[in-house]
Amino acid sequence: MRRPPMSGTDVLYEITDGVGCITLNRPDKFNCISTGLMDGVDAAMDAFEADDNVRVVLLTGAGKTFCTGADLDEVMAARQDRPALAKFISHIHSMLRRFEASPLPVVVAVNGLALAGGIEIMMACDVAFAGRDKAKIGDQHAQYGLIPGGGGTQRLPRLVGLRRALDLMFTNRWLDAGEAETWGLVNYVVDDDDLAEESLAYCRNLAQKSRAGLAAMKQWSRQGLEGTLDAGLTMEEDLVIDGLLGPDVEEGLAAFQARRAPNFS
């Protein structure tokens, strides 16, 4: 296990077995999103992406909550200065786009409340685990006359469909883990006591795979959703050819023929 330099107490991060682990570490503030927290996430992602041994990122929250949205003290202070408010909202967007654009798969383990900005973080990740009883997922903005500021109006309809998205945003109701799984917001529902272990085991499995292969699958799957099927298939054809000519495929096929586990560089 190796720990990179920390970027303050709002975020903890470490590398273990090829997995870059990020913990949102403001439990006394329900892990709400502050500038310090976003800076910490940026530092963690910088460290992970620069390390060829890291193949996947695992994100969770400290304490009993995953994340309940933006730090309202910081938002209220920024309301006095429009450029400062715009900078804060833009930082949220860039953090979430970082998860989506990263070559590393980002897995989220929702250990408690994931509300407002919390569900927005969750939606920007690639794979989601949730604790069976403790995870509660929803949007709270309409309750307080707010509009989602972290892409909620854009990602939620894409993931669950327009009517479900509007219902969730209009009513502020919370989904439990099982309902969130039915909606397609969660991939795996596990017992709360097993959440950390099972999500880490999943990530360790991904860490044994080709970093380049995982990155290509993520990039082109996401990019393909923004265009036509024909354009996506053309991109995939080029991708497959490049992959077949690369060293990871050579190692993978050699391992298959030798009936051994591949050892990707």
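Observations on the model:
- Mean separation of Cα pairs under 8 Å and 6 or more residues apart, divided by the residue count, gives the chain a relative contact order of 16 percent.
- Inter-centroid distance (Cα atoms) of region 125-198 relative to region 210-226, Å: 23 Å
- Helix axis angle, 162-171 relative to the chain longest principal axis, alpha carbon, degrees: 40 degrees
- Residue-averaged [θ]222 nm for the chain, counting only DSSP H segments that reach four residues, each worth -39500 (n - 2.57): -15500 deg cm²/dmol
- Counting neighbouring beta carbons within 10 Å and listing from fewest to most, the residues V56, V189 come out as V189, V56.
No lab work stands behind these numbers, since they all come straight from the coordinates. As the structure is a prediction and not an experimental result, all values here were calculated from the model. Virtual Cβ from ideal backbone geometry, glycine too; neighbours counted across all protein chains shown.
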